[in-house]
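Trainee: Below you'll find the structure I mean.
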Amino acid sequence: MNIHVVGAGISGLAFARAMTLRGQSVQVHEAAPQLQSIGGGLIIPPNSARILERLGVADVLDTHGLALRDMQIIDAGGRVLYHRDQREVARTHGRGLYAISRTALHRALAASLPDDTVHTGRRLLGLTQDAHQVAVTFTDGTRVNAGLLVDAEGRVSRARDLLMPEARLVSTGQIAYRGLTSIDPLPEFRDSFVEFWGRGHRFTFFRIAPGVTYWHAPIQTAPGQTRRKTDLLREYRDFPDQVIELIAHTQEDHIHPVELSDIDPLPHWHRGRAVLIGDAAHATTPNLGQGAAQALQDADALAQALCSGLPLSLALPAYQRAREGSANSMVQQSRHLGQIGQLRGPARLLRNAALKLSPELARQRIETFYDG
């Protein structure tokens, strides 16, 4: 089958790798002038680690990632609300959490592909399809005819807009400020995934390499309004010194705002000879650390369906059935967890008390998808 992928992010490259391992050739088209990652840090939970093993690139976790010791959720006063030893997670799910830079994972996936698989500088312009093929045009003038077009463009997707104009991103009303700093956290947090919950604010951080710490700070913000580093320091002035230190030691140009949005469940992930994977199909907020994980699972599941011997008209629905329950549930649970983490007033105090008294409920929510 003549397969073309639009988007050379994690889902697009992982799908190309999965098909290559099955002896199938895939062409990937990327809008950016050169292959690059958006940067920042990723959490790799057990479900995505298993896909990386299947793709033959799991060694990137040991060469460029960090195995985390534990997960901690702490209130702004410093009281631990939730703690989970990752050795216990590994005994239950095969692996614990890893932290890695998005760039390192992206490069490992790209390096696993044959030469001339990825073509850069090709921004999607338009597409039309009939019963036999999808005719695709790019802004550089390139035209291709695909037996199958895979949309891996991410949450903001030109292909999805053309294929399914009814799809709509749902804003959370939050902007996440993402930073990279060259200092390590305090020793008690150095090998941890840490999230501080305060009055209407959260702050997450973890190391992605020795001397490199990634942090994430979602803030309820009016549309179009962004904050500078000094504003963030003021926003988090009531948080522990560790939070202030990480922000203060981050260069202004290493702080990037990202509007948080997700997508309500789509009735169809495919239309004709085109199919969506990753955030194009089920864009999510980052509250569960499952965005990249679910994208990797999509890539693997789509490759399995396409190589199952089923005709395309049955393989694409089979792929959606295999993935939509987990992916859509993840989007909803991540949205809900984000709302819980931003609570204020008496609701915040009740949340903290419930989390402290019933850690098993939090564990079940966080680890729901680890065996996926």
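The values are calculated or read from the model by the stated rules, or taken from the named source; none is laboratory data. Please read all numbers here as calculations on a predicted model, not as lab measurements. Here Cβ is always computed from backbone atoms with ideal geometry, including for glycine, and neighbour counts include all displayed protein chains. All accessible areas refer to the heavy atoms of the entire protein, side chains included, with ligands and DNA or RNA removed. Shrake-Rupley method; radii C 1.70, N 1.55, O 1.52, S 1.80 Å.
Trainee: Return the carbon/sulfur percentage of the accessible area of the range 154-294, one whole number, probe 1.4 Å, all protein chains in place.
Mentor: Of all accessible area on the range 154-294, carbon and sulfur atoms account for 52 percent.
Trainee: Moving on. Per DSSP H run of n ≥ 4, the term is -39500 (n - 2.57); total these for the chain, divide by its residue number, and report the mean residue ellipticity at 222 nm rounded to 500 deg cm²/dmol.
Mentor: Details: 13 runs with 138 residues, N = 372.
Result for the chain, helices only: -11000 deg cm²/dmol.
Trainee: Roughly how many whole Å is it from the C-alpha centroid of the range 331-345 to that of the range 205-232?
Mentor: Answer, in whole Å: 18.
Trainee: How large is Rg over Rh for the range 6-67, taking Rg from the Cα atoms and Rh as the Kirkwood inverse mean of 1/r across Cα pairs?
Mentor: On the way: Rg = 12.8 Å, Rh = 13.0 Å.
In the range 6-67, Rg relative to Rh is 0.98.
Trainee: Right, next: Can you give me the long-range amide H partners of HIS119? Hydrogens built in the peptide plane at 1.01 Å from N, cutoff under 5 Å, separation of 5 or more residues or another chain.
Mentor: Long-range HN contacts for HIS119: VAL28, HIS29, GLU30.
Trainee: Now for a different question. Please determine, in degrees from 0 to 90 and to the nearest 10, the orientation of helix 345-357 with respect to the longest principal axis defined by the Cα atoms of the chain, where the helix direction is its Cα long axis.
Mentor: Orientation of helix 345-357: about 80 degrees from the principal axis.
Trainee: Each residue of the range 174-182 in turn: what ³J(HN,Hα) in whole Hz from Karplus with 6.51, -1.76, 1.60 and θ = phi - 60°, glycine and Pro shown as x?
Mentor: These are the phi-based 3J(HN,Hα) values: 10, 10, 9, 9, 10, x, 10, 10, 8 Hz.
Trainee: Write down the Å³ per residue value for the convex hull defined by the alpha carbon atoms of the range 52-141.
Mentor: Convex hull volume per residue, Cα atoms: 233 Å³.
Trainee: Where does each of ILE277, ILE183 land when they are ordered by accessible area, with a 1.4 Å probe and the largest first?
Mentor: Highest to lowest solvent-accessible surface, that is ILE183, ILE277.
Trainee: I'd like the carbon and sulfur percentage of the solvent accessible area for the range 3-131, probe radius 1.4 Å, heavy atoms only, ligands and nucleic acids excluded.
Mentor: After summing per-atom areas, the C and S share lands at 47 percent.
Trainee: Taking θ as phi - 60°, what are the ³J(HN,Hα) couplings along the range 298-307 by the Karplus curve (6.51, -1.76, 1.60), each to the nearest whole Hz, with x for Gly and Pro?
Mentor: 4, 4, 5, 5, 5, 4, 4, 5, 5, 9
Trainee: Okay, next question. Divide, for the range 75-226, the radius of gyration over alpha carbons by 2.2 N^0.38 Å, where N is the residue count.
Mentor: 1.44
Trainee: Evaluate 2.2 N^0.38 Å with N set to the residue count of the range 144-228, then give the Cα radius of gyration divided by it. Don't skip to the end; give the middle numbers.
Mentor: Details: Rg = 18.6 Å, N = 85, 2.2 N^0.38 = 11.9 Å.
With N residues counted in the range 144-228, Rg over 2.2 N^0.38 Å equals 1.56.
Trainee: Moving on. Restricting to DSSP loop positions (anything but H, G, I, E, B) with no more than 14 other Cβ atoms inside 10 Å of their own Cβ, which GluC sites (Glu not before Pro) remain in the range 76-169?
Mentor: GLU166
Trainee: Towards the positive end of the charge dipole of the range 132-247, with charges on Cβ (+1 Lys, Arg; -1 Asp, Glu), say which of TRP197, PRO210, PRO223 has the farthest Cα.
Mentor: PRO223
Trainee: Return the long-range amide H neighbours of GLY96 (sequence gap of 5 or more, or a different chain), with a cut-off of under 5 Å between placed amide H atoms.
Mentor: Long-range HN contacts for GLY96: ALA90.
Trainee: Shape of the range 274-357 from its Cα gyration tensor (a ≥ b ≥ c, root eigenvalues): rounded if a/c is under 1.5, otherwise prolate when a/b > b/c, or oblate?
Mentor: Working: a/c = 3.92, a/b = 3.52, b/c = 1.11.
Judged from the Cα gyration tensor, the range 274-357 comes out prolate (a/c at least 1.5, a/b above b/c).
Trainee: Please report, to two decimal places, log10 I(q)/I(0) for the chain at q = 0.12, 0.13 Å⁻¹ as given by the Debye formula with identical point scatterers on the Cα atoms and no solvent.
Mentor: With one equal scatterer per Cα and no solvent, log10 I(q)/I(0) is -0.90, -1.05.
Trainee: Under the rule of at least 5 residues apart or a separate chain, name every residue whose amide H is placed under 5 Å from the amide H of GLN129.
Mentor: So GLN129 has HN proximity to ALA135.
Trainee: Over the chain, what relative contact order in percent results from Cα pairs under 8 Å that are six or more residues apart?
Mentor: Relative contact order comes out at 22 percent.
Trainee: Quick one: compute the contact order of the range 99-179, relative version, from alpha carbon pairs under 8 angstrom and 6+ residues apart, as a percent.
Mentor: Relative CO of the range 99-179 lands at 17 percent.
Trainee: Could you give each residue of the range 66-83 its phi-based ³J(HN,Hα) in whole Hz, using Karplus coefficients 6.51, -1.76, 1.60 with θ = phi - 60°, and x for Gly or Pro?
Mentor: Karplus-based 3J(HN,Hα) across the range 66-83 equals 10, 6, 7, 7, 7, 10, 10, 10, 10, 7, 5, x, x, 7, 6, 9, 8, 9 Hz.
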